[in-house]
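Take a look at the structure set out below.
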């Protein structure tokens with residue numbers, strides 16, 4: 001049984017949208033408004049967890065669209081793996097909350113960074129598994145991506161595995177360093193993937209412009 005990937009993407013967009021919305025609900029306003037500025041300032045761990053997690057989830061959303069732009073149809077294996085991926089996405093607000101609380105209290109930072117990093121590492125693993133499955137079975141891919149494009153996306157997804165794993169391991173020893181490495185992943189991953197679009201698709205787009 002194969003499904004239209006557009007329906008999978010629509011459902012996934014909804015789950016991701018809920019996850020990023022829940023992030024801000026974990027930032028609670030200060031109870032003591034007589035020292036409001038100080039109360040807002042000490043919430044910096046919550047702001048940090050919010051920004052880093054939101055931007056990383058944003059990358060998950062972009063990469064999810066990137067991947068499914070090239071998937072012609074989704075079979076049961078893709079549907080199952082995508083469901084597991086979304087289950088992990090729904091867990092991220094909790095991981096962000098634990099991270100903020102640990103840095104705010106000054107206890108358990110190592111465990112919190114490892115939990116946060118491991119949640120995103122699992123996403124990277126699932127992206128690689130899904131992409132690896134569809135690229136082996138070319139019938140699931142569209143004709144708009146060639147072998148070079150498939151390889152380009154594969155390299156980007158594999159890099160995520162190494163980068164996030166490195167940040168997670170470092171976080172087990174030096175929490176601040178681990179978070180810095182994970183955060184550094186954000187600007188890099190917003191760069192476009194060179195070689196993603198097949199030559200046939202480039203010609204089609206040029207034809208539309210003329």
Enumeration of residues in the stretch 128-174 that are farther than 19 Å from residue 69 by Cα and outside any helix (DSSP H, G or I): 172, 173, 174
Matching residues, the stretch 47-68, being in contact (Cβ under 8 Å) with a residue 40 or more places away in the chain and closer than 18 Å to residue 102 by Cβ: 48, 49, 50, 52, 53, 56
Residues located in the stretch 65-78, provided they are in a helix (DSSP H, G or I) and more than 15 Å from the chain's Cα centre (by Cα): 76, 77, 78
The one condition in (1) free of Cβ contacts under 8 Å to residues at least 40 places away in the same chain; (2) over 17 Å from residue 103 (Cα atoms); (3) more than 14 Å from the chain's Cα centre (by Cα); (4) in a helix (DSSP H, G or I) that residue 88 fails to fulfil: (3)
All positions within the stretch 20-64 that are at pLDDT 95 or above, within 14 Å of the chain's Cα centre (by Cα) and exposed (fewer than 15 other Cβ atoms within 10 Å of the Cβ): 51
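For every residue, the table says whether it meets (1) without any contact (Cβ under 8 Å) to a residue 40 or more places away in the chain; (2) out of contact with any strand residue (DSSP E or B) (no Cβ under 8 Å at 6 or more places or on another chain); (3) outside any helix (DSSP H, G or I); (4) more than 30 Å from residue 114 (Cβ to Cβ).
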residue: 10; (1), (2), (3), (4): yes, yes, no, yes
residue: 21; (1), (2), (3), (4): yes, yes, no, no
residue: 28; (1), (2), (3), (4): yes, yes, yes, no
residue: 45; (1), (2), (3), (4): no, yes, no, no
Candidates 99, 81, filtered to the one that is part of a helix (DSSP H, G or I), at pLDDT 95 or above, out of contact with any strand residue (DSSP E or B) (no Cβ under 7 Å at 6 or more places or on another chain) and within 21 Å of residue 7 (Cβ to Cβ): 81
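Could you please let me know if residue 125 is in a helix (DSSP H, G or I), touching a helix residue (DSSP H, G or I) at 6+ places or on another chain (Cβ under 9 Å), touching a residue at least 40 places away in the same chain (Cβ under 8 Å) and under 20 Å from residue 181 (Cα atoms)?
Judged against the criteria, residue 125 is not a match.
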Boolean, residue 113 is farther than 22 Å from residue 167 by Cβ and either part of a helix (DSSP H, G or I) or in contact with a helix residue (DSSP H, G or I) (Cβ under 8 Å, 6 or more places away or on another chain) (or both): no
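The values are calculated or read from the model by the stated rules, or taken from the named source; none is laboratory data. Just so you know, these numbers come straight off a predicted model, no measurement behind them. Using ideal geometry, Cβ is built from the backbone for each residue, glycine included, and neighbour counts are taken over all protein chains shown.
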